[in-house]
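A quick write-up on the structure given underneath.
The values are calculated or read from the model by the stated rules, or taken from the named source; none is laboratory data. For clarity, every value in this text was computed on a predicted model and none was experimentally measured. Cβ atoms come from the backbone with ideal geometry, glycine included; neighbour counts cover every protein chain shown.
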Amino acid sequence: MVYFVSILWGLVSLILAKLTLHSYAPCIFIRLNYPGLHKKTDLKEDGFFQQKKTEYISQSIFIKNKFLLSSLLITAFVFGLLSGICTELYGYTVLGTVKRFLIFEVLLIALITDVEFSIIPNMCPFLLMVFGVVFNILNFVLGNPESPKILINGFCTTIICFLFLIIVNKISHSGIGAGDIKLLSCLGFLCGVRVTLFTLFFSFLFCAVFSIVLLIAKKKKMKDSLQLAPFIFFGFIATIFLAIV
């Protein structure tokens, strides 16, 4: 029963990753390339959406590269699987597991859109903030004695993280984008200081190591920038992994 539930978690994560690549990402592609289209009915006329979806798939970094696509989908499945196992075997609360699972999915969307289009949709930080509000309400409703402390922790983390990243942005001459700042700040509201601090640390560490490798390989120059969302994604996974072990 434990592994059946865990496999279900993994399959849900895998399905959401596929939906992001094949349904949400094409919508972003159309919005960026055809900003005049606002109505859903416009997209349906003459198979327009299907045509542009095919165009996006032919250009997609993830879909064209089978290794990247497989790695992404396997990561999604394994994270969902481990979430289920930890909940069933190690006494993790279902609420906490759902929260980590939702964060993973939002960061996965941010990773895909940042790599594909160099943007992080406002939907991503907005969802994290909404989830933060919902989980704080649930903590109060369920009578968690730590509820006020969790709320204050999240609120303070958001402000401190936002101010810190604004300073980093100014020092690095916009080396970190507005989307990254919003994403990490809203993550702070949902996760609190400890998870956010470790996610930041691993994000910058992975980014620095990857940048050095690219510089040595002469794939990038010092003035070139990298999308940060993939490193935030893997920084969060590393933080959760450390919490598990």
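Here is a list: I171, I112, I150. Which entry is of a type outside the set (S, T, N, Q) and farther than 21 Å from T239 by Cβ? Exactly one of I171, I112, I150 is of a type outside the set (S, T, N, Q) and farther than 21 Å from T239 by Cβ, namely I171. Considering the stretch 220-240, and only residues there that are assigned to a helix (DSSP H, G or I) and among the small types (G, A, S), the residue that is surrounded by the fewest Cβ atoms within 10 Å (Cβ to Cβ) turns out to be A238. Of all residues in the stretch 143-156, none that is not assigned by TED's automatic domain parsing to the domain that holds G188 has its Cβ atom under 7 Å from the Cβ atom of a residue that is modelled with pLDDT under 90 and hydrophobic (A, V, I, L, M, F, W, C), 6 or more apart or on another chain. When F135, F131, F140 are screened for being of a type in the set (A, V, I, L, M, F, W, C) and surrounded by fewer than 18 Cβ atoms within 10 Å (Cβ to Cβ), only F140 passes. Only one entry of A243, A208, A217 meets the criterion of being surrounded by fewer than 19 Cβ atoms within 10 Å (Cβ to Cβ) and closer than 23 Å to F155 by Cβ, and that entry is A243. Within the stretch 25-62, the residues that satisfy the criterion of being closer than 19 Å to S118 by Cβ, at pLDDT below 80 and of a type in the set (V, I, T) are I30, I57.
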